[in-house]
Amino acid sequence: MAVALASLIPLVPLLVPSPAGAAGDTTHGFMADQAREFIDDEALSELLAANRDAFVSGAHFPDSGYWAGGAGVPGGDYGEITHWERFVNAYAAHIRAKGECAPLADPWGPCAPMIAHALGTAAHGMGDELWDWLFEPLVTDHGEKPDHPTLSGPPLGDYPPGSLITSIEYAMDMVAIVDHDLWADIPAFMPPADDLEAVYHALGRDDITAHGILVGHTMETAILVAERVGALLDAERVREQMPWSASHYFSESGGVRYAAKGIAGYVEAVWSKITEPSHPQPRVVAVHPEPGEAGVPTQWLPPRTSPGPHTGGGENRVLASLSNSLDATTVAAGFRLLDPDGDAVPALAGYPKAGPYGAADGTHSMLFYPAVNLEPCTTYTAVVTTALRDHAGASLAADHSWSFQTRADTGGPCA
């Protein structure tokens, strides 16, 4: 009991309510860093390697606005807007318009650290979309909860005491720090606050200030330090309490490596917006079930479609993510599931839809959910068609399809 309580002490001043269903502070930086392995563009790969600290700092940046905003820091309420592509596009346009940033593709150029920071910011949003719609529901499916065994007491507003510690995000951060030796992986790069203030003002957010941004960054850094103190004492407790999650957060659908591949595709698209005059053509960068996957469930009804851990149903998601944000009005025409005869599987009312949250500020993911249970030992094909448009009206170069197979009636493999 004393050890568990000791793990809470450094975090007590920081128990500000955090958004439900999002990857943790440390995990975001880890996802972004892993994404560098999947970058195909050589110049981009070199820039991220030369400016890794700024890239990882950018991956932490959006949540720093939640900490500052939640604490009432003047000028610091920038968390929500920073998660979405409307902000990322404005950040990219700001960099491209700065004449002193040339040459933009130079890994050691005058604005290379700022470019890396912008790309890290983009990485954060994609990481949340995939983690929330895939990994966290799987945690619930396996009957695991992150509730800390020593926390009790009256609610703090709408949140229980220690709402940060009693979360999947915190729990997986603890394990990641220990498993992957992330003890010292706390970025020193300071966000370009004056430039960021200009970006927010261009979006009509004159309430956000450079001072608020720097205070938010300081709070985020304190969180990262506190997590590492907590991991010294709490990682083993998490591993014992959540064995499936602790052993699958890195490799499972929606987890670190899965999200890293989607992040890489998104980061390459944003890089193109910074360095090229033309709008990049969208492409599919993440799908679920994965191509060729076998053993997909047949039982889909009643539907469980919520992001985060609320409903579970993590295996029951036919999902695709684009490198550019979606035009949500085109998703219904652009995303289909076909049976072996090529006939369309009927969709649940309201699906397919963009998500996992509101699409107004630019989300990349879409979910198809069938209105009927699927047949056992049957191959289904998901198709993202050229009828789908991104926010700029661009379509895929060609239809993108992949197939998966359902499990047997017994729940096991097919003969």
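The values are calculated or read from the model by the stated rules, or taken from the named source; none is laboratory data. On a predicted model such as this, the values are computed, not experimentally measured, just so you know. Note: ideal-geometry Cβ built from the backbone for every residue, glycine included; neighbour counts use all protein chains shown.
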* **Any chance GLU80 is within 28 Å of TRP108 (Cβ to Cβ), surrounded by fewer than 19 Cβ atoms within 10 Å (Cβ to Cβ) and not small (Gly, Ala, Ser)** => no
* Which numbered condition PRO149 misses (of (1) of a type outside the set (S, T, N, Q); (2) touching a helix residue (DSSP H, G or I) at 6+ places or on another chain (Cβ under 9 Å); (3) farther than 23 Å from GLY362 by Cβ; (4) at pLDDT 95 or above) -> (4)
* To do: Can you tell me which residue among VAL88, VAL73 is closer than 23 Å to HIS364 by Cα and either out of contact with any Pro (no Cβ under 7 Å at 6 or more places or on another chain) or of a type in the set (Ser, Thr, Tyr) (or both)?
  => VAL88
* Looking at (1) surrounded by fewer than 19 Cβ atoms within 10 Å (Cβ to Cβ); (2) assigned to a helix (DSSP H, G or I), can you tell me which one ILE223 breaks? -> (1)
* Matching residues, the range 266-302, being under 23 Å from GLU315 (Cα atoms), under 20 Å from the mean Cα position of the chain (by Cα) and not acidic (Asp, Glu) -> VAL284, VAL285, ALA286, VAL287, HIS288, PRO289
* To do: Check ALA387, ALA397, ALA360 and return the single one that is touching a helix residue (DSSP H, G or I) at 6+ places or on another chain (Cβ under 9 Å) and surrounded by fewer than 15 Cβ atoms within 10 Å (Cβ to Cβ).
  => ALA360
* To do: Taking the options ALA102, ALA90, ALA97, ALA68, name whichever one is without any contact (Cβ under 8 Å) to a residue 40 or more places away in the chain and within 20 Å of GLY204 (Cα to Cα).
  => ALA97
* To do: Evaluate the following for LEU374: is it on the phi < 0 side of the Ramachandran plot, in contact with a helix residue (DSSP H, G or I) (Cβ under 6 Å, 6 or more places away or on another chain), outside the structural domain of GLU80 (by TED's automatic domain parsing) and buried (at least 16 other Cβ atoms within 10 Å of the Cβ)?
  => no
* Across the range 245-286, what is the total count of residues that are within 21 Å of ALA382 (Cα to Cα), of a type in the set (Gly, Ala, Ser) and part of a loop (DSSP other than H, G, I, E, B)? -> 2
* Asked: So which pairs qualify, if the first residue must be in the range 371-384 and in contact (Cβ under 8 Å) with a residue 40 or more places away in the chain, the second must be among the basic types (Lys, Arg) and surrounded by 19 or more Cβ atoms within 10 Å (Cβ to Cβ), the Cβ gap must be under 7 Å, and the two must be at least 6 apart or on different chains?
  -> PRO376/ARG407; VAL383/ARG336
* **First in the range 327-350 and at positive phi, second anywhere and surrounded by fewer than 18 Cβ atoms within 10 Å (Cβ to Cβ) and at pLDDT 95 or above, Cβ under 9 Å, 6 or more apart** => GLY342/THR381
* What number of residues in the range 226-247 are closer than 20 Å to GLY308 by Cβ and surrounded by fewer than 19 Cβ atoms within 10 Å (Cβ to Cβ)? -> 2
* Residue within the range 174-184 that is touching a His at 6+ places or on another chain (Cβ under 9 Å), assigned to a loop (DSSP other than H, G, I, E, B), closer than 30 Å to GLU293 by Cα and touching a residue at least 12 places away in the same chain (Cβ under 8 Å) present -> no
* Asked: Just one of the numbered conditions (1) within 16 Å of HIS28 (Cβ to Cβ); (2) buried (at least 19 other Cβ atoms within 10 Å of the Cβ); (3) over 18 Å from the mean Cα position of the chain (by Cα) is not true of ASP53; which one?
  -> (2)
* Structure fact -> Counting only residues that are buried (at least 18 other Cβ atoms within 10 Å of the Cβ), more than 30 Å from ALA235 (Cα to Cα) and in contact (Cβ under 8 Å) with a residue 40 or more places away in the chain, the range 185-204 contains a total of 5
